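Written out below as structure tokens is the structure these notes cover.
The values are calculated or read from the model by the stated rules, or taken from the named source; none is laboratory data. What you see is a predicted model; the values in this text were computed from it and never measured. Note that we place each Cβ from the backbone using ideal geometry, even for glycine, and neighbour counts take in every protein chain shown.
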């Protein structure tokens, strides 16, 4: 009797883990907006703009990341265009690290 109860518990745990995994897989799918040509162009422009402004400021990626209070690897990924969900807070931090306003950072980036 105890053995079957333990198996029942294991089945329930396995079922919850499978449901959680399915939920994560669904959440990780790219939305149509993130695969659109317009989104791709905007992210490429943002990437180019960040690189240009960083070079103009004479900063390395690591120095700018520290000034912006973000992880240097994350900044490098953003500048390389590998991060599709850059938050407004992150962009504000990057602008602050560059010593410019958010609107100056985003100048010419839009569609």
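Before we move on, is residue 94 in the same structural domain as residue 49 (by TED's automatic domain parsing), in a loop (DSSP other than H, G, I, E, B) and at pLDDT 95 or above?
Spelling it out, it is not the case that residue 94 is in the same structural domain as residue 49 (by TED's automatic domain parsing), in a loop (DSSP other than H, G, I, E, B) and at pLDDT 95 or above.
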Legend entry - Counted residues, the range 27-66 - those being in a helix (DSSP H, G or I), farther than 15 Å from residue 110 by Cα, modelled with pLDDT under 95 and within 15 Å of the chain's Cα centre (by Cα): 3
Inset, instruction - For residue 82, work out the one condition from (1) without any contact (Cβ under 8 Å) to a residue 24 or more places away in the chain; (2) within 12 Å of the chain's Cα centre (by Cα); (3) part of a helix (DSSP H, G or I) it doesn't fulfil. - result: (3)
